[in-house]
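The values are calculated or read from the model by the stated rules, or taken from the named source; none is laboratory data. Note that the coordinates shown come from a computational prediction; the quantities given were computed from them, not determined experimentally. Counting neighbours? That spans all protein chains shown, and the Cβs are built from the backbone with ideal geometry, glycine included. For the accessible areas, the whole protein counts, side chains as well, though only heavy atoms, and no ligand, DNA or RNA atoms are used. Shrake-Rupley method; radii C 1.70, N 1.55, O 1.52, S 1.80 Å.
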Amino acid sequence: MKLAISQPTFLPWQGYIALVNYVDEFVILDDVQFEKRSWQQRNNIKQNDKKLLLTVPVKSKGKYNQKINEVFIDYKNDFIDKHLKSIFLSYKKSEFFNLYFKKIEKIYKKKFQKLSEINLEFLNFLLKEMEINTKISFASSLNVKEKKHLLIKKICEMKNCSYFVSTRGSEI
């Protein structure tokens, strides 16, 4: 069995989706330390041939050691309308805009409590639209206590993985 393990990302990029599609099972590493200002809470979109960074604000004051699945979204600032306006202005002339914008807007309007929830919703949306049926599971459900590369090794053992696929950024 081919297995990949990765942290959840906000608005998963093409390579992330390709990785999910390539393996038999994809484990979302949701019980490791959250990294503020990382791809876990932000991503770029293209606007006028430039990158525009969209960030989901989170509650992190005094929570340095919180795990990804413990991070709450901070709704003090109206980031939802700002994100939707940016997406609208950036892609309104795109060929498939009318097919997808309302679906994206519906996800944003759900007002999730946790960052991991909105990230998973976007991932599931993209996988469904692309008809990718890879099994998705969560590291938090495995109760593995090892750290770093030993964590990955233990998850692979528990999943009876015969082939582990890693991205360049997570080489061990």
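Going through the range 122-172 one residue at a time, which ones are among the polar types (S, T, N, Q), surrounded by fewer than 15 Cβ atoms within 10 Å (Cβ to Cβ) and assigned to a helix (DSSP H, G or I)?
The answer is ASN124, SER141, SER170.
Taking the residues in the range 37-54 that are over 14 Å from the mean Cα position of the chain (by Cα) and in a loop (DSSP other than H, G, I, E, B) as candidates, determine which candidate is surrounded by the most Cβ atoms within 10 Å (Cβ to Cβ).
Among residues in the range 37-54 that are over 14 Å from the mean Cα position of the chain (by Cα) and in a loop (DSSP other than H, G, I, E, B), the one surrounded by the most Cβ atoms within 10 Å (Cβ to Cβ) is ASN48.
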Among LYS82, LYS145, LYS135, the single one that is touching a residue at least 60 places away in the same chain (Cβ under 8 Å) and among the basic types (Lys, Arg) is LYS135
State whether one or more residues within the range 77-93 are open to solvent by less than 70 Å² (accessible area, probe 1.4 Å), within 18 Å of ARG42 (Cβ to Cβ) and among the small types (Gly, Ala, Ser).
yes
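Residue under question is PHE26, and the condition is that it be free of Cβ contacts under 8 Å to residues at least 60 places away in the same chain and either touching a Ser or Thr at 6+ places or on another chain (Cβ under 9 Å) or farther than 30 Å from LYS147 by Cα (or both); does it hold?
no
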